[in-house]
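First up is the structure itself, then whatever we jot down about it.
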Amino acid sequence: MGARNLQTVSSSSSSSSFFSRFWSSALRTKPLISPSDASSNRTNSGDGLVRRLGVIDLVLLGVGASIGAGIFVVTGTVARDAGPGVTISFTLAGVSCILNALCYAELATRFPPVVGGAYLYTYAAFNELTAFLVFAQLMLDYHIGAASIARSLAGYIISFLEIFPLFKDNIPSWLGNGQELLGGVISINVLAPVLLALLTFILCWGVGESSTINSIMTSLKVIIVVCVILTGAFEVDVSNWSPFTPNGFHAVLTGATVVFFAYVGFDAVANSAEESKNPRRDLPIGIIGSLLICIALYIGVCLVITGMVPYYLLGEEAPLAAAFTSKGLKFVSFLISVGAIAGLTTTLLIGLYVQSRLYLGLGRDGLLPSFFSKVHPKRHTPIISQVWVGIVAGVLAGLFNIHSLSHILSVGTLTGYSVVSACVITLRWKDKTTRQVSSSTWREGVICLILVACSGFGAGVFYRYGSLWVSVVAAILALLASIALHLRHTYGDVAGFPCPGVPFVPALCVFVNMFLFAQLHQEAWVRFVVVSIITIIVYAFYGQHHANPIPQGSDIYFQVPG
């Protein structure tokens, strides 16, 4: 009996020790050391990336990540419901993204110019476990998204080739369109992995080469979109714009929740910090500048497509090309096909680029195996991380119909954006006499942020199911929590690019992002919970034992002056 009691006590002590160690590790933050402290560490030139990206490269990076086939497809699809009011949908979504971009821009100038983006900001502002969760949710979005885009690109290339009589009806389905096996469980696509392998090789070759290709392809598709807008402007019949919102503002707002995801690409600029020539100046310009260009292009396309053809006659698959074909402008439809291929190529290229940089950051911090942190000494690219990303996307794109998983996408993006906005608020907190905020003040502020997030999600759910007045009550609660954040905390000034209206603008971002989160398919909510549970398990058995917030012998993490 005594031995059994001793064994029980030992087991209880061991369990207590495990959970104690788990929470101690999970709540660690990444301290950003000063440049003077960094001088005591060795220079990390052998393991670092090369600063080759200027402000034009960063703007084109953001535009290339955002403007894909969506501008040729999504615009018409949403217009079927919102009518010409789809222009308002894109405007509202663009304004929402600008608010998020302001938060990204501040953190991009406050943090060390190294890879990490939302993961790095969360690690410093909140804790290690939350940062790992943000990474996992973002990464699943990126992996599925890359595979889906690769299959779409393969399909567009096949469709383009079939324009020519030599290839018409002579290309087997398994080559680019997908051939289903085992009742649709498997969908063979050979061209998609080949395209991924080619782009992975380009990214491994060097950031300069990949940036050049992105700049050329992005410039091409922007020129094509501008030509489409200018040509279509002469075919517009203004009577097609009346009524402007045939199904009411509800359809316009619902459309905004859909097209919001057409803008998500500016975070790619934040993840290129370590390869930016002048990150403190160029990153905010790249983030906000690329977003403004995308908004202008989307609005122009919306006005043209709804002015050329009545909204209810727009096609589902290729509405923009069909609109020009109906006007006898087949050469413009040809340009649209070229633009779609260029758009998908740059979106895929940048998606693969961002993924490898995130793996590089976690490899450096020990949350993933150290081989992910290896940088080629001559090419200065994270080849192992890049190849891994290409392999994962290649397997998914070559064997599965990823389009069926599209309704569980965007969970990671909205989660990441929400946390980044919250980071802006928490990193501004300070006591009136010291730079550090007390633990009680911190907890009070975090509770207010959680209330804002829950109110946003609740407002979205009740709006989705028709209880508008409950959504209004939830919005009022979020406003009260934001006022409490303003009155109960002192906010310090920042050098570089300050986000205006702190804490109200970041709090509004959190509210809107969670509102949009509530509009996603319910399977997306399940995906969020399942991925979070798996991530916590991985962290408990691997991450917490290997993570090191300050990599030894490295000076890459330093506090930006100011």
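Sorting 87-94, 289-296 by their mean Cβ neighbour count within 10 Å, with the most densely packed peptide first, gives 87-94, 289-296. Around the amide H of residue 400, modelled in the peptide plane, lie the amide H atoms of 187, all under 5 Å away and 5 or more residues distant in sequence or on another chain. Label-to-label distance for residue 439 and residue 406 is 4.9 nm, based on points extended 7 Å past Cα in the beta-carbon direction. Helical content alone sets the calculated 222 nm signal of the chain at -22500 deg cm²/dmol, taking -39,500 (n - 2.57) per DSSP H segment of four or more residues and averaging over every residue. Note: relative contact order over the chain, using C-alpha pairs below 8 Å and six or more positions apart, is 30 percent. FRET efficiency for the pair residue 242 and residue 468, taken as 1/(1 + (r/R0)^6) with r the Cβ-Cβ distance and R0 = 30 Å, rounds to 0.65. Counting only lysines at least 8 places from residue 168 when in the same chain, those with an alpha carbon closer than 27 Å to its own are 221, 327, 330. With a cut-off of 20 Å, note down the residues of segment 185-207 whose backbone N falls inside the zone around a label point 7 Å from the Cα of residue 160 toward its beta carbon. Flagged as within label range: 189-203. Of the residues 541, 447, 31, the one whose Cα sits farthest toward the positive end of the charge dipole of the chain, with +1 on the Cβ of Lys and Arg and -1 on the Cβ of Asp and Glu, is 31. Between the C-alpha center of segment 327-391 and that of segment 87-147 there is a gap of 17 Å. Working from label points 7 Å from Cα in the Cα-to-Cβ sense, the residue 197 to residue 250 distance is 5.2 nm. Under the classification rounded if a/c is under 1.5, otherwise prolate if a/b is larger than b/c and oblate if not, where does segment 153-220 fall, given a ≥ b ≥ c as square roots of the Cα gyration tensor eigenvalues? Cα axes put segment 153-220 in the oblate bin.
Carbon-plus-sulfur fraction of the accessible area of segment 256-321, 1.4 Å probe, in percent?
On the way: 1300 of 1940 Å².
The value for segment 256-321 is 67 percent carbon and sulfur by accessible area.
Helix 128-161 axis versus longest C-alpha principal axis of the chain: approximately 20°, rounded to the nearest ten. Relative to the Cα centre, the charge distribution of the chain, modelled as +1 at Lys and Arg Cβ and -1 at Asp and Glu Cβ, gives a dipole magnitude of about 1120 debye.
Dipole magnitude for segment 363-500: about 360 debye, using +1 per Lys or Arg Cβ and -1 per Asp or Glu Cβ, origin at the Cα centre. Highest mean packing first, where packing is the average number of other Cβ atoms within 10 Å per residue, the peptides 22-30, 464-472 line up as 22-30, 464-472.
The reciprocal of the average 1/r between distinct C-alpha atoms defines the Kirkwood hydrodynamic radius, which for segment 307-364 equals 13.8 Å. Simple rule: put +1 on each Lys or Arg Cβ and -1 on each Asp or Glu Cβ in the chain, find the dipole, and look at 179, 386, 293; the Cα lying farthest toward the positive end is 386. The Rg/Rh ratio for segment 398-512, using Cα coordinates for both the radius of gyration and the Kirkwood hydrodynamic radius, is 1.09.
Listed by chain and number, the lysines whose alpha-carbon sits under 25 Å from that of residue 430, ignoring those within fewer than 8 places in the same chain, are 30. Rolling a 1.4 angstrom probe over segment 405-515 with all protein chains present gives an accessible area of which 70% lies on carbon and sulfur atoms.
Computed over protein heavy atoms with a 1.4 Å probe, the accessible surface of the chain works out to 42 Å² per residue.
The values are calculated or read from the model by the stated rules, or taken from the named source; none is laboratory data. Because the structure is a prediction, the values reported are computed rather than measured. Virtual Cβ from ideal backbone geometry, glycine too; neighbours counted across all protein chains shown. Ligands, DNA and RNA are stripped out before the accessible areas are found, and what is left, the full protein with its side chains, is counted by its heavy atoms. Shrake-Rupley method; radii C 1.70, N 1.55, O 1.52, S 1.80 Å.
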